[in-house]
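A.B. asks: Sharing a structure, written as structure tokens. Questions coming.
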Amino acid sequence: MRPRCSDMFMKLCILLVFFIVLPGCNEERPERKKELLVYCGITMIKPMTEIAAFIEQEYDCRILITKGGSGNLLKSIKANKVGDLYLPGSGSYIQSALEQGLITDTVHVGFNKAAMMVKKGNPKGVSDSLDSLVDNRYFVVIGNPESGSIGRETKKILDKKGIFSDVVNNVQTMTTDSKDLSRCLKNDEADLVVNWYATSMWPENKDYVTVLPISSEYAGKKKLIIGLLRFSRYPEIAEAFMKYAASDKGRAVFDKYGLYDVK
């Protein structure tokens, strides 16, 4: 019995598809870009994003930045043991990471400094004295010492002044990080906060907050240090990132966001 024309046509179609598709299976897939993971405290996210864009272009790579409270980031690093760089808001976290063998190299890139902040123009006439934080006429919000660098630094400042417990009894709440402290002030959820000075320089904040500097007797400049994680998959690119961040050009980027020549 002779095959029907329709059967022959179907077989020809299948053969054509086979010969068209098969060569595509042998084509090499484009190589994936090298991907680096950077852990960054929220206050430093803007300069780090800008520097990351430069490194991505120079080294044809992709840089992912995960942001959060410095303490929470360190917990993630310890638990997951992945990533390339770590920039917390305080050098004490770098010291802790070094002691735990999580970091193999470091560079200094800028400075942080804590300050009190109120709504723009200081409508309630809050004094720049730390004692304002225990005044129950004001809605006070501070950072949690367990979750982020600003909370840890605030506790150090208030312990030195001898009023930490009194302030805790007066605060409305404790937040996780600097971004949330700015949000509380802008959304009328606080009259007075303690935050990193740099946040007052952010475009989204500068029209809403006024800085009340804290005396250098209690609040000094804190070094910002980037650490190279020991399990970095691409240490040569990570080191290039560190070198650029610590250069004059890199420090100019940090200074633009209030993280170098701190008042």
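A.B. asks: Just to confirm a number: summing +1 for Lys and Arg and -1 for Asp and Glu over residues other than VAL38 whose beta-carbon lies under 14 angstrom from that of VAL38, what do you get?
C.D. replies: Summing Lys/Arg as +1 and Asp/Glu as -1 gives 0.
A.B. asks: For a distance above 22 Å, tell me the whole-number percent of Cα pairs in region 71-182 that qualify.
C.D. replies: 41 percent
A.B. asks: Leaving out ligands and nucleic acids, and using a 1.4 Å probe, what accessible area per residue does the chain come to in Å²? Working shown, then result.
C.D. replies: Values: 14110 Å² over 263 residues.
For the chain, the per-residue accessible area is 54 Å².
A.B. asks: Which Cα, out of TRP202, CYS184, SER232, lies furthest along the positive dipole direction of region 164-263 (beta carbon charges, K/R +1, D/E -1)?
C.D. replies: Going by the Cα projections, it comes out as SER232.
A.B. asks: Sticking with this structure for a sec: Shape verdict for region 38-82, please, from the Cα gyration tensor: rounded (a/c under 1.5), prolate (a/b greater than b/c) or oblate.
C.D. replies: It is oblate, given that a/c is not under 1.5 and a/b is not larger than b/c.
A.B. asks: Rounding to the nearest 20 debye, state how big the charge dipole of region 67-183 is about its Cα centre with +1 on each Lys and Arg Cβ and -1 on each Asp and Glu Cβ.
C.D. replies: 300 debye
A.B. asks: Moving to a separate point now. If you roll a 1.4 angstrom probe over the protein chains with everything in place, what fraction of the accessible area of the chain belongs to carbon and sulfur, to the nearest %?
C.D. replies: In the chain, the share of accessible area belonging to carbon and sulfur is 52 percent.
A.B. asks: Could I ask something else about it? Heavy atoms only, probe 1.4 angstrom, no DNA, RNA or ligands counted: give me GLU204, GLU35, GLU217 ranked by accessible area, highest first. Working shown, then result.
C.D. replies: Working: GLU204 80, GLU35 50, GLU217 110 Å².
So the residues, ranked largest to smallest area, are GLU217, GLU204, GLU35.
A.B. asks: Would you mind classifying region 206-250 by shape? Square roots of the alpha carbon gyration tensor eigenvalues, ordered a ≥ b ≥ c; an a/c under 1.5 is rounded, otherwise it is prolate if a/b is larger than b/c and oblate if not. Let's see the in-between values first.
C.D. replies: On the way: a/c = 2.97, a/b = 2.30, b/c = 1.29.
Since a/c reaches 1.5 and a/b is larger than b/c, the shape of region 206-250 is classed as prolate.
A.B. asks: Using a Gaussian network for the chain with springs between C-alpha atoms less than 10 Å apart, which of these wobbles most: PRO235, PRO145, PRO123?
C.D. replies: PRO123
A.B. asks: Cross-link partners among lysines for LYS33, C-alpha distance below 27 Å, same-chain residues fewer than 8 apart left out?
C.D. replies: Candidates past the 8-residue exclusion: LYS46, LYS67, LYS78, LYS81, LYS243, LYS249.
A.B. asks: Read phi for every residue in region 161-174 and hand back ³J(HN,Hα) as whole Hz from Karplus 6.51 cos²θ - 1.76 cosθ + 1.60, θ = phi - 60°, with x for Gly and Pro.
C.D. replies: 6, x, 10, 4, 4, 5, 5, 4, 5, 9, 6, 7, 6, 10
A.B. asks: Counting Lys and Arg as +1 and Asp and Glu as -1, each charge on the Cβ, what is the dipole of the chain about the Cα centre in debye, to the nearest 20?
C.D. replies: With only Lys, Arg, Asp and Glu charged at Cβ, the dipole is about 420 debye.
A.B. asks: Check ARG230: other-chain or 5+ apart residues with amide H under 5 Å from its amide H, H built from backbone geometry?
C.D. replies: Excluding prolines and chain starts, which carry no amide H, the hits are ILE103, THR104.
A.B. asks: What 222 nm value per residue comes from the helices of the chain, counting each DSSP H run with n ≥ 4 as -39,500 (n - 2.57) and dividing by all residues, nearest 500 deg cm²/dmol?
C.D. replies: Numbers: 9 runs with 107 residues, N = 263.
Helix contribution divided over all residues of the chain: -12500 deg cm²/dmol.
A.B. asks: Can you tell me the FRET efficiency between ARG137 and SER215 if r is taken as the Cβ-Cβ distance and R0 is 22 Å, rounded to the nearest 0.05?
C.D. replies: Taking R0 as 22 Å, the efficiency between ARG137 and SER215 is 0.50.
A.B. asks: When you count, for each residue, the other Cβ atoms within 10 Å and take the mean per peptide, how do 239-245, 130-136 rank with the highest first? Each step should come with its number before you reach the end.
C.D. replies: Numbers: 239-245: 19.9, 130-136: 17.1.
The packing order, highest mean first, is 239-245, 130-136.
A.B. asks: Follow-up. Hey, in the GNM for the chain with a 10 angstrom Cα cutoff, which one of ASN80, ASN144, ASN72 fluctuates hardest?
C.D. replies: ASN80
The values are calculated or read from the model by the stated rules, or taken from the named source; none is laboratory data. Remember, predicted model here, so these are calculated numbers, not experimental data. Note that we place each Cβ from the backbone using ideal geometry, even for glycine, and neighbour counts take in every protein chain shown. These area figures cover heavy atoms from the full protein model, side chains too; ligands, DNA and RNA do not enter into them. Shrake-Rupley method; radii C 1.70, N 1.55, O 1.52, S 1.80 Å.
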